[in-house]
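Please read the structure below before turning to the comments.
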Amino acid sequence: MPELGYRAATASDLDLIHHELMAVIDEFPFYNEAFKAHEKRRMTLGFLRSLQRIDPFHVIALTVDGEPGGGLISGPDLGAIFRYWSWIFPSHRQTRLGLHGMRIFDEHWDNGRFHKAFTWVRPENEVALALLRRYGYEQTAYLRQQVFGQDYVVMEKYYT
């Protein structure tokens with residue numbers, strides 16, 4: 001059985017995570033081209049390094065037997081933690097790494113620093129919504145034409 005783990009992304013992990021993030025942004029069917037272009041300009045290596053200066057665990061490498069197989073990117077937002085991106089690399093998509101990532105994100109960040117975690121999801125992304133609900137997130141808002149004319153659902157999980 002492969003060993004699932006996680007760590008704050010190392011310098012070498014960061015290059016791989018950034019490369020895989022750019023690929024997932026390109027392939028994701030739920031976003032329009034304006035959003036994809038914006039997100040690729042925003043999620044630079046410099047931005048990821050800035051997040052790590054706030055806390056190294058704002059860029060997490062999800063690992064299988066010590067090798068990166070997915071990523072979690074987050075940032076602080078007015079006492080909450082915004083889950084910017086969470087995804088599994090194509091090479092690991094048929095594993096339990098996605099479930100592992102959902103669990104460890106909340107285990108790591110539900111530590112008294114943040115009162116909740118939240119993310120925005122396109123309403124058509126039924127897989128992501130189901131996974132978030134499975135791990136205790138609930139829909140708290142529906143944002144019409146929020147980003148580049150597209151609708152989003154706000155999913156939140158309150159922490160202790």
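Kindly evaluate D106 against the criterion of being closer than 23 Å to Y158 by Cα, of a type in the set (D, E) and open to solvent by less than 40 Å² (accessible area, probe 1.4 Å). Spelling it out, D106 is indeed closer than 23 Å to Y158 by Cα, of a type in the set (D, E) and open to solvent by less than 40 Å² (accessible area, probe 1.4 Å). Within the range 49-103, the set of residues being among the charged types (D, E, K, R) and open to solvent by less than 10 Å² (accessible area, probe 1.4 Å) comprises R83 only.
In this structure, V154 qualifies as touching a strand residue (DSSP E or B) at 6+ places or on another chain (Cβ under 7 Å), among the β-branched types (V, I, T), open to solvent by 10 Å² or more (accessible area, probe 1.4 Å) and more than 18 Å from Y6 (Cα to Cα).
The values are calculated or read from the model by the stated rules, or taken from the named source; none is laboratory data. What you see is a predicted model; the values in this text were computed from it and never measured. Backbone-built Cβ (ideal geometry, glycine too); neighbour counts: all protein chains shown. Just the protein is used for accessible areas: all its heavy atoms, side chains included, with ligands, DNA and RNA removed. Shrake-Rupley method; radii C 1.70, N 1.55, O 1.52, S 1.80 Å.
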